[in-house]
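The next block holds one structure in the form of structure tokens; read it before the comments.
The values are calculated or read from the model by the stated rules, or taken from the named source; none is laboratory data. Because the structure is predicted, anything quoted here is derived from the model rather than measured. Neighbour counts run over all protein chains shown; Cβ positions are idealised from the backbone, glycine included. Surface accessibility is based on the protein's heavy atoms, side chains included, excluding ligands, DNA and RNA. Shrake-Rupley method; radii C 1.70, N 1.55, O 1.52, S 1.80 Å.
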Amino acid sequence: MSVERFPWLNDVISAHKNIVFPSSSIIEGESGLAKKQLTKYFVQKLLCNQDSAPCGECNSCHYFLAGTHPDYCFLTHDSCSSILNTYSKAKKDALTSKKIEGVRALNEFIALTNSVSKKRIGVVFDAHMMNINSQNALLKTLEELPENKHIFIVSNQRKYFLPTIYSRSSLISIKNPDPVDLDQWISDQGYIDFSSLNFAPDSTPLQIEYL
């Protein structure tokens, strides 16, 4: 999973190069900071069967890059990975990060035995859309996660969750690039005659790219 295009993530990636990931991690920061790409990089790294993770060559990496890894699931604000439909009787449109049914399906998936990887991972993208009931449902799973199970909680809002979720999770806070670094990134994307001054104040890199 390539993250080289997002240089503001380099420090975070370096800091987590050799650490043992906790069972629960919160990745938070404004929209447009490539948190989803960073999360997928960490997920592939954890699922990889080689020491040089993520290798991109092992069976586990092949499954992940094809979007069919049996030990990985995710929720977004409007959808979920297809594998979650197998573990829930809820309607498909309820299996999202906005609904408690989605969180319950993720909890059921995490509780199962691993298949092709030594680890099993669930990701809640758009987790800032979780209501209090969904957060409490997730909290019950966080309290009992074994070492080989991991959950990533990805949020566009900082300090959004219950204090008990933060107390059981490692926090990865993604900062906005400073103006000099942002201008360099804009130039690297081919916007030759543009700088951060051409966009709304506090615009993040991917917000600028998709304008």
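General observations
- Calculated Rg and Dmax of the Cα atoms in Å (choose from [x] 36.1, 127; [y] 17.6, 54; [z] 19.3, 67), label: [y]
- Of Leu138, Phe152, Ala200, farthest towards positive along the dipole that unit charges on Lys, Arg, Asp, Glu beta carbons give segment 79-211: Leu138
- The residues of segment 100-152 expose, per residue, 44 Å² of accessible area to a 1.4 Å probe.
- For segment 8-108, dividing the convex hull volume of the Cα atoms by the residue count gives 117 Å³ per residue.
- Here's the picture: charge each Lys and Arg Cβ at +1 and each Asp and Glu Cβ at -1 in segment 1-135, and of Thr86, Leu9, Thr96 the one pushed furthest to the positive end of that dipole is Thr86.
- For Ile172, distant residues with modelled amide H under 5 Å away: Ile26, Ile27, Glu28
- Counting only protein heavy atoms and a probe of 1.4 Å, the accessible surface of segment 18-175 is 48% carbon and sulfur.
- Residues in segment 194-199 carry Karplus couplings, in order, of 10, 9, 4, 5, 7, 10 Hz; the curve used is 6.51 cos²θ - 1.76 cosθ + 1.60 with θ = phi - 60°, and Gly or Pro positions show x.
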